[in-house]
Structure formats: C-alpha cells, structure tokens
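As structure tokens, the structure follows; a few thoughts come after it.
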Amino acid sequence: MQLLHLVMGGRVKNPQSLEFADLKDIDLVGVFGSYTEAEEAWRSNAQRTVDDAEMKYVIVHLHKLLEPELPGA
C-alpha cells in the first residue's frame with residue numbers, strides 16, 4: 001500500500017511553533033511513497049539547516065488527509 005508523505009520546510013515565526021513566516025518561501029522538498037523515504041529527505045534538509053533555529057522541516061502524512069477512513073490513518 002502506498003502511503004504518501006510530503007516533506008516541506010521554511011522559516012518559522014517562532015522556533016517552538018509551526019507558523020511559517022512567509023508561505024511564498026516554503027521549500028517543497030517532495031512527495032514520497034513511504035515514511036522511510038520521507039524521513040530520509042526530512043533529515044537531510046533539517047541537518048543542512050541545523051544552525052538556523054528559525055528554519056524548520058516537517059513531514060506531512062498526506063495519506064491520512066486523503067483517506068482518513070483507512071486503517072492506520
């Protein structure tokens with residue numbers, strides 16, 4: 001079963017939140033078919049920006065949004 005995940009990131013207003021400062025500057029890393037692939041992309045980007053506390057990358061579980069009725073979603 002394909003479980004889609006989106007990896008994205010950008011500058012946040014507060015390092016303890018997920019409110020992005022400018023939605024036009026969001027870095028859409030990509031859509032991945034498994035959590036493992038998404039985590040690898042997330043880790044690569046997060047580590048690249050580790051010294052900038054205002055940069056944050058996240059994994060969005062698209063499969064949970066697209067098909068919330070599925071088991072495990």
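The values are calculated or read from the model by the stated rules, or taken from the named source; none is laboratory data. As the structure is a prediction and not an experimental result, all values here were calculated from the model. Here Cβ is always computed from backbone atoms with ideal geometry, including for glycine, and neighbour counts include all displayed protein chains. These accessible areas exclude ligands, DNA and RNA; they are computed on the full protein's heavy atoms, side chains included. Shrake-Rupley method; radii C 1.70, N 1.55, O 1.52, S 1.80 Å.
Some observations on this one:
- Distant-in-sequence amide H partners of ASP27 (H built 1.01 Å from N, under 5 Å): GLY9, GLY10
- Prolate is the label for the chain, because the ratio a/c of its alpha-carbon gyration tensor axes (a ≥ b ≥ c) is 1.5 or higher and a/b is greater than b/c.
- Using the Cβ-Cβ distance between LYS13 and VAL50 with R0 set to 22 Å, the FRET efficiency works out to roughly 0.70.
- Surface per residue (accessible, 1.4 Å probe) for the chain, Å²: 71 Å²
- Accessible area of the chain belonging to carbon and sulfur atoms, whole % at 1.4 Å probe: 53 percent
- Accessible surface ranking that places the most exposed of TYR57, TYR35 first, with a 1.4 angstrom probe: TYR35, TYR57
- The chain: angle of helix 35-48 to the longest principal axis, Cα-based, in degrees nearest 10: 0 degrees
- Net charge dipole, the chain: roughly 60 debye, given to the nearest 20, about the Cα centre with Cβ charges of +1 for Lys and Arg and -1 for Asp and Glu.
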